[in-house]
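Colleague: Before I ask anything, here is the structure I am working with.
The values are calculated or read from the model by the stated rules, or taken from the named source; none is laboratory data. Just so it is clear, the structure is predicted and the values come from calculations on it, not from any experiment. Quick reminder, even Gly has a Cβ in these numbers, built from the backbone with ideal geometry, and neighbours come from all protein chains shown. Only protein heavy atoms, including side chains, enter the accessible area calculation; ligands, DNA and RNA are left aside. Shrake-Rupley method; radii C 1.70, N 1.55, O 1.52, S 1.80 Å.
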Amino acid sequence: MTALLEIDGLTKRFGGVTAVDACSFTVPAGSVTALVGPNGSGKTTAFNLITGYARADAGAVRFDGAAVRRPDPIRLARSGLTRTFQQARIFPDLTLVENMVAALQQPWTSVFTRAVRRPERERALELLDEFGIARLADERAGNLSYGQKKLLEFAAVLMGDPRLVLLDEPTAGVNPVLVDQIEERIRELNARGLTFLVVEHNMNLVMRLCDPVVVLAQGTKLAEGRPDEVRNDPRVLDAYLGG
Amino acid sequence: MTRNGLLRGGAFVAAGIAFPLLFNAAWLVNIGILTLMYAALAVSWNLFSGFTGYITLGQVAFFGLGAYSLGITFEHFGIGSGYNPFYVLPIVGACVAFASLPVAWIALRTRAMTFAIVTLTLLFIVQQLAFNLHSLTHGSSGLMLPTPTTFGVDNYDRPFYYAMLGLVLLALLICWGILRSKLGLMLLSIREDEEKARGLGIRVTGTKLVAWWLHVFVTAMVGGVWAYYLTFIYPESSVDPLVMIGAVLMTFLGGRGTLWGPVVGALVLVPAQQYMLIHLGGSQLYLVGYAAVFMVVLLVLPRGIIPSIRDGVVRTRERQRTRGGAAKAAV
Amino acid sequence: MHQVIQAVILGLLIGGVYALMASGLTLVFGIMRVINVAQGALVILAAYLSYALFSHAHVDPFLSVLIVTPAMFVLGVLVQIVFVRSLRGDDAEELSLLVTWALALGIEGVLSVIFKTTYRATSPSYADKTLTVFGYQVQFVRLMAFVGSAALLLVLSLLLTRTKFGRAVRATVQNPTAATLLGVDANRVQTLSFGLGVSMAAAAGAVYGVIYPFNPGSHYDLISRLLSIVVLGGLGSLGGAVVAALVMGVTEAVVAVEWQPTWASFSYFIVLIVVLLIRPQGIFGVRERAL
Ligand SMILES: Nc1ncnc2c1ncn2[C@@H]1O[C@H](COP(=O)(O)OP(=O)(O)OP(=O)(O)O)[C@@H](O)[C@H]1O
Ligand SMILES: [Mg+2]
């Protein structure tokens, strides 16, 4: 399988703490890759480095075969690499549909066109429906429950037809019904060819859904491989149990 | 456009056109002009700061640039008197707006608080330029513009009044258009969470610059009309921090990010300000009065009149709904 | 060359006084994210107080610092409690900018009513005395003002590093939530620091009146400088404010002798814009990022 995303020697220090330490792994095209590790092992920081929200101290990122010299969220999103945040981030004062349409990447020529054109609204409703929140389409997004906000954020990043989606703990703080929903969404989208890199603490979910699995501990990669390989790796058990 | 919106707009235009025809005392029309001037400034301030969340305190620098640009154009290009200068205004506005883009780009690289301060610095920079570029501006001795002789004596103020009215309407129209367009959607998402907006691929800087260009475009034209009306401008009056704070205050009073808020704010505050100026002006006490009004607005009504009313309406409706529900449940 | 060095000396001396004023501003920002636009007006207020003490009670302006500073500390505490503390919500920062601007207008208004708008200057007998050091001329009052400012800045830094209050302040600057969890009374720290920031303005203001003539409107000139100093240094950075103040003093003084005095402060603004082009967060600032 070809790699869609290649991380090589990624490093980030915050003062004395090395949050991500010479970390290398790849996300094969068409996979649902998991990035797991104990709290504070640098998963979110790695996401921030890859998507250009923080500047790496060292290391290289390749997306779709091309080196990403200075990762910039805007450019990456427009070239098909997008992410969600650990704490769901949506635009609370906009409606759900507006949230969705805002996530469509627009050319300059359309800035003076109508905010929400009919086909855009239809596309948004279709996606919202898949996520089971279409009936709330014209609600203020700020009124949603936390789990619904996560669904909305996930749905919105799909508006721009990305090729790789980075999900930061998509099921954390979400009720079990919605967790199933999210799992099903990921499966279905993946079947349609979308690649995922998922940070997730729910190990059952990871084992069911993801392949390969990358394990981080204290910023470095501990293991990388098929779920069952990783599960039986003694170092991984140590990292989780020991601390 | 909703029916209510049409009604509101229509009523404003009708009242605006009728005012000088009904009250033709020069001092009243003069207050009308000032009110419209502040309304135009407040609406265009809101157009940038209200929609992006970036507070600019440098708007009046572009008011001054517009004023001086028109004055200097008069001196060097003989654009004539009468109505001609009004036709030159859009060119002046567009030029000032384009010229402001590089500075705006630098300022927009900084975040909220720094941005406010940097723009405030722009205000002082332009004032200094007005003092120092003697050959263009005549420095502190001020710049004279020709007095239009064709307007007659009786209704001399009217063309200026209608020009200001036109600019208020233009600014409102731009805001209204933005609120309905993709640009508005992008600006609002930037105001709510700029980092998230970047992650979605919204070109935040370019989007903010479009809003910036539009706000400077209107502001500079307002400055031009004001200069032509006064026929005499000097650095302290054309780049006046008090005008800046006035426009901001009016927007806060009426409601930031709303269409009509800044207009409401101007309609309330400018007459009040003029009243204080007339009654307290000689003793400098008007500054104290002004500061007091300012404090009250910020501490008591920080969200503004229109949002407060809107909330009130929503709350009453909800209360009625729950009461209705309770009544039904009781039956 | 002689002229340039002379200008540099002059610039450093003036920069020291501005450093004192700006340090109060940046300290307050670091702790409560409030930009006190009234800092300039407070400097002018202190200048008038010292002027009044000098002309009515013949108190030496440098001694009057000891009276003016505590009085203005109390004023600062009151201002914080009445105006600043009540601002809540997500745009409290922006609102504070406007509230303190209103405060500045109020102070300007009151001063104009009491003292009228004519320019004043506090001129003690030694106002015109100059010293000559290695052939360079140094005005005595400016030297005194610089030494006094430097001493007060030293006291401030000792206060911040050596005392319990200072530790609470620094903890609040670094991480307000954590500081509160550790038992720091955030309200108290904020109120006292605001008072402290105003006293910096007060101390500098008392001597400002000896160096420059002033009127109630002078605060605009001051605040434009002070704000650009704290932005150049990096908002919230004390060391940055001091360096930026010295940069401003020297730039202005050198441009004034080598080119034209009228372009002096303009040239400093250009320095500011160029620095922001390269480092939007200022010389010593940290990048603000909302993640
Ligand atoms: N902006 C920052 N400044 C200083 N330290 C940071 C910063 N961001 C992260 N860290 C530190 O870097 C380390 C890794 O943090 P990170 O958030 O990446 O972990 P994580 O794997 O996402 O944890 P979790 O599972 O809790 O989300 C932690 O020790 C954290 O304290
Ligand atoms: Mg994390």
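Colleague: Within segment A:106-142, which residues are touching a Lys or Arg at 6+ places or on another chain (Cβ under 8 Å) and not hydrophobic (A, V, I, L, M, F, W, C)?
Modeller: Passing the criteria: A:Gln106, A:Ser110, A:Thr113, A:Arg114, A:Glu130.
Matching residues to (1) over 14 Å from the mean Cα position of the chain (by Cα); (2) within 16 Å of ligand 1 (Cβ to nearest atom); (3) small (Gly, Ala, Ser):
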site	(1), (2), (3)
C:Ala178	yes, yes, yes
C:Ser199	no, no, yes
C:Ala203	no, no, yes
C:Asn215	yes, no, no
C:Ser228	no, no, yes
C:Phe266	yes, no, no
C:Phe269	yes, no, no
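Colleague: Further, regarding this structure: Which of the residues that make up segment A:207-243 are part of a helix (DSSP H, G or I) and small (Gly, Ala, Ser)?
Modeller: Result: A:Ala239, A:Gly242.
Colleague: Something else: Do the conditions hold for B:Ile174, that is, is it touching a Gly at 6+ places or on another chain (Cβ under 9 Å), within 14 Å of chain A (Cβ to nearest Cβ) and not basic (Lys, Arg)?
Modeller: In short, no.
Colleague: Here's something else I'd like to know. Does at least one position in segment B:276-291 carry a residue that is in contact (Cβ under 8 Å) with a residue 60 or more places away in the chain, in a helix (DSSP H, G or I) and within 17 Å of B:Leu34 (Cα to Cα)? It would help to see each step written out before you state the result.
Modeller: Here is the first cut: in segment B:276-291, the ones in contact (Cβ under 8 Å) with a residue 60 or more places away in the chain are none.
No: segment B:276-291 contains no residue that is in contact (Cβ under 8 Å) with a residue 60 or more places away in the chain, in a helix (DSSP H, G or I) and within 17 Å of B:Leu34 (Cα to Cα).
Colleague: Identify, please: which residue in segment B:15-38 is assigned to a helix (DSSP H, G or I) and of a type in the set (Phe, Trp, Tyr) and is, among those, least open to solvent (accessible area, probe 1.4 Å)?
Modeller: B:Tyr38
Residue-wise test of (1) open to solvent by 50 Å² or more (accessible area, probe 1.4 Å); (2) free of Cβ contacts under 8 Å to residues at least 12 places away in the same chain.
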| residue | (1), (2) |
| --- | --- |
| C:Ala104 | no, no |
| C:Ile107 | no, no |
| C:Val110 | yes, yes |
| C:Lys116 | yes, yes |
| C:Asp128 | yes, yes |
| C:Val133 | yes, yes |
| C:Leu143 | yes, no |
| C:Ser149 | no, no |
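Colleague: Any residue in segment A:1-28 that is open to solvent by 40 Å² or more (accessible area, probe 1.4 Å) sitting within a Cβ distance under 8 Å of a residue that is part of a strand (DSSP E or B) and of a type in the set (S, T, N, Q)? List the pairs, counting only those 6 or more apart or interchain.
Modeller: Pairs found: A:Glu6/A:Thr26; A:Asp8/A:Ser24; A:Thr18/A:Thr11; A:Asp21/A:Thr11; A:Asp21/A:Thr220; A:Ala22/A:Thr11; A:Ala22/A:Thr220.
Colleague: Any residue in segment A:160-176 that is over 21 Å from A:Arg78 (Cα atoms), touching a Lys or Arg at 6+ places or on another chain (Cβ under 8 Å) and away from ligand 1 (no atom under 16 Å from the Cβ)?
Modeller: Looking for residues that are over 21 Å from A:Arg78 (Cα atoms), touching a Lys or Arg at 6+ places or on another chain (Cβ under 8 Å) and away from ligand 1 (no atom under 16 Å from the Cβ), one finds none in segment A:160-176, hence no.
Colleague: When you scan segment B:256-267, do you find a residue that is more than 15 Å from B:Ser49 (Cα to Cα), small (Gly, Ala, Ser), touching a residue at least 60 places away in the same chain (Cβ under 8 Å) and open to solvent by less than 10 Å² (accessible area, probe 1.4 Å), even just one?
Modeller: yes
Colleague: Just to check your reading of the model, which residue among B:Gly82, B:Gly71, B:Gly53 is at positive phi, touching a residue at least 60 places away in the same chain (Cβ under 8 Å) and either out of contact with any Pro (no Cβ under 8 Å at 6 or more places or on another chain) or within 14 Å of chain C (Cβ to nearest Cβ) (or both)?
Modeller: Result of the check over B:Gly82, B:Gly71, B:Gly53: B:Gly53.
Colleague: Name the residue, out of A:Arg114, A:Arg13, that is over 27 Å from A:Asn202 (Cβ atoms) and within 16 Å of ligand 1 (Cβ to nearest atom).
Modeller: Testing whether each residue is over 27 Å from A:Asn202 (Cβ atoms) and within 16 Å of ligand 1 (Cβ to nearest atom) leaves just A:Arg13.
Colleague: Sort out which residues of segment C:85-96 are surrounded by 22 or more Cβ atoms within 10 Å (Cβ to Cβ) and in contact (Cβ under 8 Å) with a residue 40 or more places away in the chain, and write them in order of number.
Modeller: C:Ser96 - this is the single residue of segment C:85-96 that is surrounded by 22 or more Cβ atoms within 10 Å (Cβ to Cβ) and in contact (Cβ under 8 Å) with a residue 40 or more places away in the chain.
Colleague: Please state which of the following conditions A:Leu166 fails to meet, knowing it meets all the rest: (1) within 14 Å of chain B (Cβ to nearest Cβ); (2) more than 16 Å from ligand 2 (Cβ to nearest atom); (3) surrounded by 14 or more Cβ atoms within 10 Å (Cβ to Cβ).
Modeller: Among (1) within 14 Å of chain B (Cβ to nearest Cβ); (2) more than 16 Å from ligand 2 (Cβ to nearest atom); (3) surrounded by 14 or more Cβ atoms within 10 Å (Cβ to Cβ), A:Leu166 violates only (2).
Colleague: Can you give me the number of residues within segment B:85-125 that are more than 10 Å from chain C (Cβ to nearest Cβ) and buried (at least 16 other Cβ atoms within 10 Å of the Cβ)?
Modeller: Residues that pass the stated criteria total 12.
Colleague: Quick check on my filter: what residues within segment A:90-110 are in contact (Cβ under 8 Å) with a residue 40 or more places away in the chain and more than 9 Å from chain B (Cβ to nearest Cβ)?
Modeller: Result: A:Thr95, A:Leu96, A:Val97, A:Met100.
Colleague: Here is a follow-up. Taking the conditions exactly as written (assigned to a loop (DSSP other than H, G, I, E, B), within 16 Å of ligand 2 (Cβ to nearest atom), surrounded by fewer than 19 Cβ atoms within 10 Å (Cβ to Cβ) and within 14 Å of chain B (Cβ to nearest Cβ)), does A:Gln87 satisfy them or not?
Modeller: yes
Colleague: Kindly indicate whether C:Phe73 is more than 18 Å from C:His219 (Cα to Cα), under 22 Å from the mean Cα position of the chain (by Cα) and of a type in the set (Phe, Trp, Tyr). Reasoning before the result, please.
Modeller: Numbers: more than 18 Å from C:His219 (Cα to Cα): yes; under 22 Å from the mean Cα position of the chain (by Cα): yes; of a type in the set (Phe, Trp, Tyr): yes.
Yes; evaluated as a whole, the condition is true for this residue.
Colleague: Tell me the residue from C:Val255, C:Val247, C:Val243 that is open to solvent by 20 Å² or more (accessible area, probe 1.4 Å), part of a helix (DSSP H, G or I) and over 30 Å from C:Arg167 (Cα atoms), please.
Modeller: Unique residue meeting the criteria: C:Val255.
Colleague: With the requirement that a residue be over 14 Å from the mean Cα position of the chain (by Cα) and in a helix (DSSP H, G or I), what does segment C:14-44 give you? Lay out the reasoning, then the answer.
Modeller: Of segment C:14-44, the ones over 14 Å from the mean Cα position of the chain (by Cα) are C:30-34.
Listed by number, the residues that qualify are C:Gly30, C:Ile31, C:Met32.
Colleague: Then there's this: Exactly one condition in (1) within 16 Å of A:Val236 (Cβ to Cβ); (2) part of a strand (DSSP E or B) is false for A:Ala22; which is it?
Modeller: If we test A:Ala22 against (1) within 16 Å of A:Val236 (Cβ to Cβ); (2) part of a strand (DSSP E or B), just (1) comes out false.
Colleague: Output yes when any residue across segment A:70-77 is under 30 Å from B:Leu179 (Cα atoms), in contact (Cβ under 8 Å) with a residue 60 or more places away in the chain and either away from chain B (no Cβ under 14 Å) or open to solvent by less than 10 Å² (accessible area, probe 1.4 Å) (or both), and no when none is.
Modeller: yes
Colleague: Could you identify the single residue in C:Ala102, C:Ala41 that is within 14 Å of chain B (Cβ to nearest Cβ) and more than 26 Å from C:Met248 (Cβ to Cβ)?
Modeller: Checking each option against the conditions leaves just C:Ala102.
Colleague: Could you count how many residues in segment A:33-60 are open to solvent by less than 10 Å² (accessible area, probe 1.4 Å) and of a type in the set (Val, Ile, Thr)?
Modeller: The total comes to 4.
Colleague: I'm told B:Arg303 meets every condition in (1) within 14 Å of chain C (Cβ to nearest Cβ); (2) modelled with pLDDT under 80; (3) open to solvent by 30 Å² or more (accessible area, probe 1.4 Å); (4) in a helix (DSSP H, G or I) except one. Can you identify the failing condition by its number?
Modeller: Here B:Arg303 clears every test but (4).
Colleague: If I ask for residues that are away from ligand 2 (no atom under 16 Å from the Cβ) and either touching an Asp or Glu at 6+ places or on another chain (Cβ under 8 Å) or acidic (Asp, Glu) (or both), which ones from segment A:41-62 would you list?
Modeller: A:Gly52, A:Asp57, A:Gly59, A:Ala60, A:Val61, A:Arg62
Colleague: Can you tell me which of (1) over 24 Å from C:Tyr220 (Cα atoms); (2) among the hydrophobic types (A, V, I, L, M, F, W, C); (3) open to solvent by 10 Å² or more (accessible area, probe 1.4 Å) is the one B:Phe48 doesn't meet?
Modeller: Here B:Phe48 clears every test but (3).
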